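Okay, so here's the structure we're looking at.
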């Protein structure tokens, strides 16, 4: 008799769930884990994508791909790092065929777990070396420049420091915002280590900490803080500003952007990228999607909608941004930036992580 | 509800009944066995953590844990847990006393208003505070977590005050005690289990919360776990840290158990349980109104105000919001929350009954195991169920059922606490009387125990549903591909900086979550009947 009341509740729950399942079932079909691996060398007209990028930005692109090719895409959205952790947990049982990530670190973690199939030369060669993996485990899709956001009510454009080294000056004490857990910030620290040496990087971080640098969880709260005048300067990725401007109107933006001088570690370009899971190595649909991402149409879409840098020839950067070439540092090979482990160790040592 | 119960009963009666002696033996074993099964399911996250830690390199574990940074983060977390728990206890009991024992005008509306804070997810509240004030860091996290969690103490305390015997406080007064001492000596022992059970839920929530402390830029221990996943991509290290967090959770559960003590039952005769005479506040009532208004303004006004401001900031270039999407998300949020509450109830009933009726090691162990989920960050519980699902039930992976089960495990303590304290309130003597009058054990359960305890258990179920609606990290990992809830949509829009588009989702989430919150106040306010009168 003990079971009566739970049974009643379960009946109600079942009814409610069936209702809600029906309401969402028109847009998606739950894929079975085995669906992905069953199509060796063939196309079954569908594949599963784990997308670590914003749904608002990626959905229209996927719809375009679906209507162009007739392939239907099951997309699972979450943070890049959460998806990397999920993929590691799932291992070979993963229902995912393709992993689209917002930073090289998440792709590197999955590659290190040996879960990616090697991409063909015809795909990887579309993107210049330095903006893609060195071993063909994933390919770069877009570039994101590191910039300094500043509060235009407290500073004029020419008062903004042009190097990150200048940020340790006493006059910026408690005025600068950073996000030490953010992958893009960590890539910048890696660049600092590679360009200036370990000791200089450590000294810079220690000076920043001594100067009461403000710690944020992500890029966007830094931009909001600068936009509210809470901090004067913040280290972020360039497109956050363009997106916020699109939401609230560019004329309402109190925060403005400054590009550190070329060659400075503060001006490096990070990449987003995509990789093919091993179980989908022969999945023609999944491969077609990866090819699509490095095609002119998709690259132009990123330029127009996400304000990111295109990585293939023949598509030019968003208006108002310095050309990618001027930001590319000849002394820095982006494949040198894979020593993330040492960077996080340094950040932990200094006490920023 | 009633007809569903009949259907279920009919279904059961259709099966042939076993011989009665076997049945009695089975009956005696059913409870402990189902409690053990439920506790093992609740312990899945811990089992997962042990598996992960076993894979770790011993010296790496020591390096990861033995450094000044971890110590700082731990002290930060302990400080926050203590501060928020104490504030919630004091504020919660004070509000409960005002609303249950005084002649304050408008107690009913105030009860509703002060419970509505439960409907506001702490990350939305934190966002509201950041958008409108300069409060950050420890005080920011303290304020947000306290304001969002006070009702977890207020509601059970009101319920306990309604059931508590007021006559003994009157006796203490006639013996010359001050009102304060009379409350402490006569009433507090009766409401202590309920209040402390609420405080435990608050403390565990603070321990495991990442969203609002991250927004407030207060570096708590969950920050270290997030770093392990996010920056180091090191699941093993994250597991090691999570074990530390789980250990802190177990310490909290043990501490609450010690402080809870035995349930004090005073004056069990019907005659003694007269309606207490409300305390006349006189001019103090203005202070009471003022205090309640301040709490309401801080806990509801600030987040709602910030959301309204973002709604007004909308421009043509802002991300569009489709009403259909909003409704679909709301529907799946409700469906999943109901299923999660059902799962939690199924797991909680055997554990709670065992804990309420038997003081055995088994009861203690199963109840403690049930609290683990709440002490761990959602991402850890989520990954543990990915692990469990793929290894044990691959068919259910990324299905609504696994997500509902995850909610059940995550929020089990809320249901276990409700089941336990409701059944503790049923005086065993009543059950004995029913037995001597010829009722079967099952008959005693349905006609006496469940009937009296049901409102309290129902409140626990509502609380689970309410919390499940606001849950984010485990939902992101475990939901079926393509399924959206209000919380995941909110996450998606805010991570794209589309705050103006996110505002309606946050408002609908608060509105939807307000329904169980309001039902909860009804359960609490309806506690006027005394257990004896329901017979």
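The values are calculated or read from the model by the stated rules, or taken from the named source; none is laboratory data. Model, not experiment: these values are computed from the prediction. In this analysis, Cβ positions are derived from the backbone assuming ideal geometry, glycine residues included, and neighbour counts consider all displayed protein chains.
Are any residues in segment A:62-75 within 14 Å of chain B (Cβ to nearest Cβ) and in a helix (DSSP H, G or I), and if so, which ones? Within segment A:62-75, A:62, A:63, A:66 qualify.
Of the residues making up segment A:211-234, just one is part of a strand (DSSP E or B), facing chain B (nearest Cβ under 8 Å) and under 22 Å from the mean Cα position of the chain (by Cα), namely A:215.
Scanning segment A:267-281 for residues that are modelled with pLDDT under 90 and surrounded by fewer than 23 Cβ atoms within 10 Å (Cβ to Cβ) gives no hits. Restricting attention to segment B:314-373 and to residues that are assigned to a helix (DSSP H, G or I), without any contact (Cβ under 8 Å) to a residue 12 or more places away in the chain and within 14 Å of another protein chain (Cβ to nearest Cβ), the residue that is surrounded by the most Cβ atoms within 10 Å (Cβ to Cβ) turns out to be B:331. Of the listed requirements (1) more than 14 Å from chain B (Cβ to nearest Cβ); (2) free of Cβ contacts under 8 Å to residues at least 12 places away in the same chain; (3) in contact with a helix residue (DSSP H, G or I) (Cβ under 8 Å, 6 or more places away or on another chain), residue A:320 misses just one: (3).
Taking segment B:496-524, which residues are modelled with pLDDT under 85 and crowded, with 19+ Cβ neighbours inside 10 Å? B:496, B:497, B:498, B:499, B:500, B:501, B:502, B:520, B:521, B:523, B:524, listed by residue number.
Remark: pairs (first residue in segment B:78-106, in a loop (DSSP other than H, G, I, E, B); second residue buried (at least 22 other Cβ atoms within 10 Å of the Cβ); Cβ separation under 6 Å; 6+ apart in sequence or on different chains) = B:104/B:98. Would you please name the residue that is farthest from residue B:465 (Cα to Cα), looking only at residues in segment B:134-154 that are within 11 Å of chain A (Cβ to nearest Cβ) and assigned to a loop (DSSP other than H, G, I, E, B)? Ranking the qualifying residues of segment B:134-154, first place goes to B:134. Of the helices (runs of 4 or more DSSP H) that lie entirely inside segment B:399-469, those containing 1 or more residues that are within 13 Å of another protein chain (Cβ to nearest Cβ) and more than 16 Å from the chain's Cα centre (by Cα) span B:400-410, B:412-425, B:441-444. The set of residues in segment A:243-266 that are assigned to a loop (DSSP other than H, G, I, E, B) and surrounded by fewer than 24 Cβ atoms within 10 Å (Cβ to Cβ) comprises A:249, A:253, A:254, A:259, A:261, A:262, A:263, A:264.
A quick yes/no check of all residues on (1) more than 30 Å from residue A:121 (Cβ to Cβ); (2) under 21 Å from the mean Cα position of the chain (by Cα):
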position: A:236; (1), (2): yes, yes
position: A:247; (1), (2): yes, yes
position: A:252; (1), (2): yes, no
position: A:262; (1), (2): yes, no
position: A:282; (1), (2): no, no
position: A:291; (1), (2): no, yes
position: A:298; (1), (2): no, yes
position: A:301; (1), (2): no, yes
position: A:309; (1), (2): no, yes
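Just one of the listed residues (B:81, B:30) is at pLDDT 85 or above and out of contact with any strand residue (DSSP E or B) (no Cβ under 9 Å at 6 or more places or on another chain), namely B:81. Contact map, segment A:276-290: first residue more than 14 Å from residue A:99 (Cα to Cα), second residue at pLDDT below 95, Cβ cut-off under 6 Å, separation 6 or more or different chains; pairs are A:282/A:40; A:282/A:41; A:284/A:43. Residues that are at the interface with another protein chain (Cβ under 10 Å from one of its Cβ atoms) and within 23 Å of residue A:282 (Cβ to Cβ) within segment A:93-111 comprise A:93, A:94, A:95, A:96, A:110, listed in sequence order. Any chance you could count how many residues in segment B:473-505 are more than 9 Å from chain A (Cβ to nearest Cβ) and over 24 Å from residue A:306 (Cβ atoms)? Summing the residues that are more than 9 Å from chain A (Cβ to nearest Cβ) and over 24 Å from residue A:306 (Cβ atoms) in segment B:473-505 gives 6. Given the condition surrounded by 24 or more Cβ atoms within 10 Å (Cβ to Cβ) and either within 14 Å of chain A (Cβ to nearest Cβ) or over 16 Å from residue B:198 (Cβ atoms) (or both), answer yes or no: does some residue in segment B:100-117 qualify? No: segment B:100-117 contains no residue that is surrounded by 24 or more Cβ atoms within 10 Å (Cβ to Cβ) and either within 14 Å of chain A (Cβ to nearest Cβ) or over 16 Å from residue B:198 (Cβ atoms) (or both). Go through segment B:374-398 and give me each residue that's more than 10 Å from every other protein chain (Cβ to nearest Cβ) and out of contact with any helix residue (DSSP H, G or I) (no Cβ under 8 Å at 6 or more places or on another chain). Within segment B:374-398, just B:392 meets the criteria. Entry remark, segment A:112-138: residues being part of a helix (DSSP H, G or I) and either modelled with pLDDT of 90 or more or away from chain B (no Cβ under 11 Å) (or both) number 4 in total.
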